[in-house]
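These notes are about the structure you will find just below.
Any read-out appearing in this document is the output of simple, stated calculations on the displayed coordinates, not a laboratory observation. Here the structure is a predicted model, which is why all the values come from computation and not from measurement. Note that we place each Cβ from the backbone using ideal geometry, even for glycine, and neighbour counts take in every protein chain shown.
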Amino acid sequence: MNTNPIRMCRLVKVGMYLLSLWLLLILIVVNKISVDVCFQCNLASWDELKAIAESNYLPLICVVILCISLVFYAAFVRVIGGAKDGPFKIVEMEDKSADHLVFLATYVIPLLSFGLDNPRQIISLSIILTLIGAIYVRTNLFYANPTLSLLGFKISTVKFDAVGGNAPAGMTVLIAREDFEINTSVNLVRLDKNIFFARKAISIKP
């Protein structure tokens, strides 16, 4: 199993980092957007639309990033669609879904304190997000993604039955949409060195 190719390329990991910032980006849009709503007014001219865009450049940037992250989420869904290796039986398991909250509380929520009222604050936030993103990608934290939690994904660390010699060795990280228990049989797709996406498989008879 360890010889199977890694399916998560670095570019998709960057996209998953952008996906993890959904809450931050949405709150920036809500807090910074400035548009007068008028239901009986005529359609805005190009000059008026340009003026609106210039006064809302930060929310527009956030919306663009949100759209880009959706594209990468679609790529992630395509990657995990190939969970066919196995089946392998889980013999040890520990729920790690709280890692979603750790990432949210440690990296995302503190960034909400930035005022973003002048270019210097925006540049500072951009630098911090870039540094966090570099760490996120290099340390393979793409699985500890609070947005994935909202989309129904769960994290656990498991150990598989080694009978047959083809199961992943040692403790591995599983990302899944289903609930697993000890002795559950799963099919896998390898995302990174010891990170897998899993689906339930037909049970293995003891």
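A few notes on this one:
- Each Cα pair under 8 Å and six or more residues apart adds its separation to the average, and for the chain the resulting relative contact order is 30 percent.
- Kirkwood hydrodynamic radius (C-alpha pairs) into Stokes-Einstein, the chain, 37 °C and 0.692 mPa s, D in µm²/s: 171 µm²/s
- For Leu191, nonlocal amide neighbours, meaning residues 5 or more places apart or on other chains whose placed amide H falls under 5 Å from its own, are Arg7, Phe196, Phe197.
- Sorting Trp46, Trp22 from the fewest to the most surrounding beta carbons within 10 angstrom yields Trp46, Trp22.
- 24 Å Cα-Cα reach of Lys89 towards lysines, excluding residues that sit fewer than 8 places from it in its own chain: Lys154, Lys159, Lys193, Lys200, Lys205
- Straight-distance crosslink candidates among aspartates and glutamates, where the alpha carbon sits under 16 Å from Lys50 and sequence neighbours closer than 8 are dropped: Asp36
- Exposed-loop-free span, longest in the chain, where GluC sites (Glu not before Pro) count as exposed if DSSP calls them loop and at most 15 other C-beta atoms lie within 10 Å: 1-177
- Footprinting exposure proxy for Arg120, Arg190, Arg7 (fewest neighbouring C-beta atoms within 10 Å first): Arg120, Arg7, Arg190
- Only the Cβ atoms of Lys and Arg (+1) and of Asp and Glu (-1) were treated as charged; on that basis the dipole of segment 10-200 about its Cα centre amounts to roughly 600 debye.
- 222 nm mean residue ellipticity, helices alone, for the chain (DSSP H n ≥ 4; -39,500 (n - 2.57); rounded to 500): -13000 deg cm²/dmol
- Note, ³J(HN,Hα) from phi for segment 174-191, Karplus 6.51, -1.76, 1.60, rounded to Hz, x at Gly and Pro: 10, 10, 7, 9, 10, 8, 10, 9, 4, 6, 6, 9, 9, 9, 10, 10, 7, 8
- Annotation for segment 71-131: chymotrypsin sites (Phe, Trp or Tyr not before Pro) lying in DSSP loop with at most 15 further Cβ atoms inside 10 Å of their Cβ are Phe114.
- Assuming charge only on the beta carbon of Lys and Arg (+1) and of Asp and Glu (-1), the dipole of segment 101-178 about its Cα centre is about 80 debye to the nearest 20.
- Under 5 Å from the amide H of Ser156 lie the amide H atoms of Lys96, Leu174, each residue being 5 or more positions distant or on a separate chain, with H modelled from the backbone and absent for Pro and chain starts.
- Remark: segment 100-180 projects, on average over all directions, an area of 6.9 nm² (convex hull of Cα atoms).
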